[in-house]
Structure formats: structure tokens, C-alpha cells
Amino acid sequence: MSIQSLGVGSGLDLESLVGQLLEAERKPKTDALDSREDNVEAEISGLGKLKSKLEDFQETLDNLRSDESLKGREPTINNPSEGIEPFSAKASNSALEGDYNIAVTQLASGSRIETADAIDGGFASSADTVLSAGTASLTFKIDATSDSFSINLNAGDSLEDLRNAINGSENNFGVTASIIDTGTANGGAKLVFTSDTTGEGNDLVIVNDNDNAELDRVATTDSAEGALYLVPVTSAQNAKATIDGIDVESQTNKFENVIENVSFETSELSELDIDGITFKTSKLSIGFDKEAVEETIREFVTNFNALQAEIKLLTNYGESELEEDGALAGDSLVRGIQTGINNILFSSVDSSNLGGLFQIGIEYNDQNELEISTNDRIGLGSGDDRLQDALDDNFDEIAALFTDESQGIAVRLYDYVEEYTSYSGLLKSREDTAKDQREQIFDERLMLELRLANTEQILRDKYLNLDQTVANLNSTGSALLAALG
């Protein structure tokens, strides 16, 4: 029987009665489902926030567990004059402390080749052709390297055509061609070749591949390498410097490991002394990069406290009925994370002479946060004092404290946090379980609505019969009263 509006026949408010009966059955079940869903959504959100903070902390640990961030060496350069900075320097973590007096006496450069003056068989103008007839090619190379490229020329090509072909070659290894017009009849136009391949013995070679007579004017040799034509105006040369009076050279302007585990790159000649001959030296000092290490340690403290603050917010119990509990209040998983981190944080590290974080000034304060204190509360110096002492006296031991493969605090913490944050970690498993519960609640809502729809149909059928019976009785009563009346 189809659902109809109840109470029309009997005059009774049966529609409202059915609605109240359905609501009485729906409300407690819906409230229970709403409560469960709120809790599950809060749990999913809380787990997401916790995982995000753990990943932020893990990123800090990833940086801290590497020697690169804790064994840095800092080069400092003091030049005789502020306006002249002959070189810059870098030092690896294994560089030894020391001072070096360095003077840059020559910069590395490539070779330079110029065509002859017009009066000596060169070119009167840039429009002059370099070929009288036929086709030919030029090969540009450095004999000491494998660098090489060729240019094909056609009859009638000019200096400008040759210049453009050289500069536009996709295989060009660093040769630049330019035209200089001397403005005189004797000088004419000069084609200039410069190579950026530096170092003694790395002069540019230009080969006249087809022994074309016109191309002899822009080549250093012919294909048989028998005849010699142009010669470098400037030959390629090494960079030269003195280190504590010792002469050193490099084919480029970068000196690698001339000082062990230190590199420096020259950019200009050192300043000349008053005699105009002697080069003044700059002082290169290699020391520990204490500032960077201290910054890394303080960043560790800051990010740990950010994690602790998020955990506190998520696990907080409301102090009144108006204050809600945290999404993960009383959660054993979170307590386990905190306990594990704390156990590692202040464990003993035998591989470092420092022994533990307390020796570099890190300790808990009254708010249960890590800090590097500025006050001496227990007679062992302030946290800041202990940190500065460690930086001054046990610099490399700080790295061992965090980075030792078996005992390092950052190494162990990173691996521990990874158990929770990885794709197959414990937090992902908890999130998946909570999402399954959310799906289950959704299914239960659908089942509840189906049951209520069935119950409504039963109630409507039941009260429709009542409505019809009362309507018939009313009709019969009215007929009897009319007959008797």
C-alpha cells in the first residue's frame, strides 16, 4: 500500500504521531553516530597534525645527522686594502685550522689571435672576402684537449660571415670572434679570435683544412701542419700565486687542494707594494664555523619545542566542561612517541667525549621545554656557557654527539621518528584504521535510514487501517443518528 496522508478520515493527528515515533527511534542512534563520527574526524585531524610536526622535526634531524652541518670550516680573508679582493676561498670539513699568506701574481687566461694589418696582407675592410673561389673549412681546436669544431665557408664569404659562423656554432667550445676596424688604411680591419680555455700550452689552433690560400690569412697552420701563419698575440697562461712565499700555479683561476682540503679562486691581481714590484699578501685563516653549528643546535631546540607544543595541544584534557579535550587526549600512541623521544634525547653517547646534550647546554626548563639557558641554576654554568665551551674546546665532538652511526642522537631520533612518519609507519596505519571507521559509520547511517524507512511504512500501514476503521465508525454513527433523529 502506498504511503498516504494520515488522519484525514479519522480527524486524528496520526501524521504527527508517526513522525514522533520515528524521531524517537532515530535520535538516539543518530546522536551516537554523530558522536562517533566527530571523534573519528578529530582523531584523523589530530593524527595529520602530529604527523606534519613529526615530519618537520625529522627534517631538522636529517640536517643534524650529517657531518656537513656540524663540522663546517670557515675561511676568513683579510686583505691589505678593502677595495681589492684577489681571491675567495672554501674549506671542506676535514681542513685543518691554520693561517696562510697568499698573493695572486698572475691570472689564468686564454690565448688571443689577430689577423695581420692590411699593409702586411690582412684585410682592408670587414666586407673583404676571405675566399676567392670554391668552398673550404676551418677547424678550431686546442691540441692539449679534445675540444674542436669546424666552420664551412663558401666562395665570397666575408669577415662578417666568418665571424657570425664561429660565434653561432653549436659546437663552439669557447672561441669568440670579433672584428676591430682600426680606422687606418695601413691597419684596416682585424679579425680577432679569443679562447676561454686557460692554462699554459692551451693555445688556440686554427687549421686551414683545404690549404686555401685566402684562408691562410685567418689560420695558424695548414692541414699538413707544416706551414705556420698567424701566431697568438697573447698565449694562454696559468694562474700564479704565492702561499707563504711558495710559488704555486693552476691552469685555471681555481686552485684545488694546493692547501689540503682548501680551494681558492682568483679574480684579480693582488695589490702591489710601494716599490711597484712586490705583491702584498692577503691572510687566509681556516677556522671552525662555530656560528653555523650554534645556529643548527638552536634550530634543533626550537623545532623540538614546536613538536612538544603540538603534542601538548593534541593531548590536553579540558579543565572544565566548556573546554574540549584534545583530539588525542589519553592516546597511548602519542605517549609512546614522547617516551621514546625523551629516552633517546638524554641518553649517554659514549662515542663523543661530551657524553650528552647537557654538556652542550641543552636541558629541560620548568615548562618541560628544551632550552639553552642564560642562567646558572645548578652551579655547573649556564646552558649558553656550556655550549660556548663545547664550541671552543670540543668542536668536532659535537658532531660525534649527533652523527655517530650507532649512538648519535640525531641518527637515532631520525630512525625512531621514521617508524611513525613513513608510508608504512604507525601513524599511517592509525590513519587508515580511523578512515575505515569513518566509512563504517557512513554505512551504518545508510542502514539506519533503510530500517527507519521500513518502520515508517509499517507504522503508516498500521495507522492507515486505524484511520479507515475510525472513519467507517464515524460514518456509521452519523447514519444511525440521522435515522434515529
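The values are calculated or read from the model by the stated rules, or taken from the named source; none is laboratory data. None of these values were measured; they are calculated from a predicted model. So basically every Cβ, Gly included, is an ideal-geometry build from the backbone, and we count neighbours across all protein chains shown. The protein model used for the area step is the full one, side chains on, heavy atoms only, and it has no ligands, DNA or RNA in it. Shrake-Rupley method; radii C 1.70, N 1.55, O 1.52, S 1.80 Å.
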Worksheet entry | Those residues of region 203-220 which are without any contact (Cβ under 8 Å) to a residue 24 or more places away in the chain and in contact with a Phe, Trp or Tyr (Cβ under 9 Å, 6 or more places away or on another chain), in sequence order | 216
Discussion item. I'd like to know if region 105-126 contains one or more residues that are of a type in the set (Val, Ile, Thr), touching a residue at least 12 places away in the same chain (Cβ under 8 Å) and open to solvent by 50 Å² or more (accessible area, probe 1.4 Å).
Written reply: yes
Item to complete: Would you confirm whether any residue within region 456-465 is aromatic (Phe, Trp, Tyr), open to solvent by 30 Å² or more (accessible area, probe 1.4 Å) and outside any helix (DSSP H, G or I)?
Response: no
Practice prompt. Could you identify the single residue in 78, 39 that is farther than 30 Å from residue 475 by Cα, without any contact (Cβ under 8 Å) to a residue 60 or more places away in the chain and open to solvent by 20 Å² or more (accessible area, probe 1.4 Å)?
Written response: 39
Worksheet item: Which residue pairs have Cβ atoms closer than 6 Å, lie 6 or more positions apart in sequence or on different chains, and pair a first residue in region 148-175 that is farther than 15 Å from residue 213 by Cα with a second residue that is open to solvent by 40 Å² or more (accessible area, probe 1.4 Å) and acidic (Asp, Glu)?
Response: 173/147; 174/196
Discussion item. Can you confirm whether residue 70 is closer than 30 Å to residue 442 by Cβ, open to solvent by less than 50 Å² (accessible area, probe 1.4 Å) and touching a residue at least 24 places away in the same chain (Cβ under 8 Å)?
Written reply: no
Item to complete: Answer yes or no as to whether residue 420 is within 30 Å of residue 58 (Cα to Cα), open to solvent by less than 80 Å² (accessible area, probe 1.4 Å) and outside any loop (DSSP other than H, G, I, E, B).
Response: yes
Discussion item. Out of everything in region 242-272 that is under 36 Å from the mean Cα position of the chain (by Cα) and acidic (Asp, Glu), what residue ends up being farthest from residue 100 (Cα to Cα)?
Written reply: 268
Practice prompt. Working only within region 155-202, note down all residues that are farther than 16 Å from residue 136 by Cβ, crowded, with 18+ Cβ neighbours inside 10 Å and under 41 Å from the mean Cα position of the chain (by Cα).
Written response: 175, 177, 194, 195, 197, 198, 199, 202
Worksheet item: Within region 168-229, which strands (runs of 3 or more DSSP E) (wholly inside it) include 1 or more residues that are acidic (Asp, Glu)?
Response: 175-181
Discussion item. Please go through region 87-133 and give me each residue that is under 28 Å from residue 199 (Cβ atoms) and under 32 Å from the mean Cα position of the chain (by Cα), ordered by number.
Written reply: 87, 88, 89, 90, 91, 92, 94, 95
